[in-house]
Amino acid sequence: SDGSITKSTISIYIHKKDKALLTKLKDNFCADLIIKNKKNSSLVGLSFSSSKIVEDVCKLLQIQPGAKFDIVKFPLIEEKYNYAFIRGFFDGDGSVSSPKDTRTRFPYPRCTITTTSNEMRESIKNKMGIPCSNSDITLEY
């Protein structure tokens, strides 16, 4: 998954196999929006051009428009939605590997979530309540 927020636009890109999710999102906002294929990738995307939507999303996510790869925080949401957010975050920036996977050298199953935002890693770790290792960019369970 990928995305960006400027002062007036939010762009969201996800794997093309999940295009139906973008279609639902698009239909809830404006059926006339166009879902685009991202060049040289397996991603499809949707853009919303609205400074009001940008303002609302930035407030919820506690961010400003622009690059935020290392400053993103856990969103201000009701506690009952924490696991749904973490599942979505994992879907975009997580992975699962098997000890049978010959590409890894680990003799045990691994689950990782990668983000350069220390605050996001700490929030996920605390909200999950499951012991894990926390490196500079990855939580490993």
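Distance between the modelled labels on Ile34 and Ile77, one decimal in nanometres: 3.1 nm (7 Å Cα→Cβ projection).
Counting only DSSP beta bridges whose two residues both lie in the chain, roughly 100 percent are antiparallel.
Using the Cα coordinates of the chain, the gyration tensor eigenvalues translate into equivalent-ellipsoid semi-axes of 29, 20, 13 Å, sorted from longest to shortest. Taking label positions 7 Å along the Cα-Cβ direction at both Arg110 and Leu25, the computed distance is 2.9 nm, reported to one decimal. The alpha-carbon of Lys38 sits under 29 angstrom from the alpha-carbons of these lysines, leaving out residues fewer than 8 places away in its chain: Lys7, Lys16, Lys17, Lys19, Lys24, Lys26, Lys52, Lys59, Lys68, Lys73. Placing Glu122, Glu78 in order of accessible area, with the largest value first and a 1.4 Å probe, yields Glu78, Glu122.
Calculate, for region 1-93, the solvent-accessible area per residue in square angstrom, rolling a 1.4 angstrom probe over the heavy atoms of the protein chains.
Accessible area per residue, region 1-93: 70 Å².
May I ask for the angle, rounded to the nearest 10°, between helix 118-128 and the longest principal axis of the chain, with both axes built from Cα atoms and the value confined to 0 to 90°? Rounded to the nearest ten degrees, it is 70.
Return, ordered by residue number, the residues of region 49-68 whose backbone nitrogen is under 19 Å from a label point located 7 Å along Cα→Cβ of Asp93. Residues 57-68 fall inside that zone. Once all protein chains are placed together, Glu79 keeps about 150 Å² accessible to a 1.4 angstrom probe.
Sorting Thr115, Thr6, Thr23 by solvent-accessible area of protein heavy atoms yields Thr6, Thr23, Thr115, largest first, with a 1.4 Å probe.
Please report the relative contact order for the chain, taking Cα pairs under 8 Å with a sequence separation of at least 6, and give it as a percent rounded to a whole number. Relative CO of the chain lands at 19 percent.
When Thr9, Thr114 are compared by accessible area at a 1.4 angstrom probe, the order from most to least is Thr114, Thr9.
The values are calculated or read from the model by the stated rules, or taken from the named source; none is laboratory data. None of the values given here were measured: they were computed from a predicted structure. When we count neighbours, we look across all protein chains shown, and the Cβ atoms used for this are built from the backbone with ideal geometry, even at glycine. Just the protein is used for accessible areas: all its heavy atoms, side chains included, with ligands, DNA and RNA removed. Shrake-Rupley method; radii C 1.70, N 1.55, O 1.52, S 1.80 Å.
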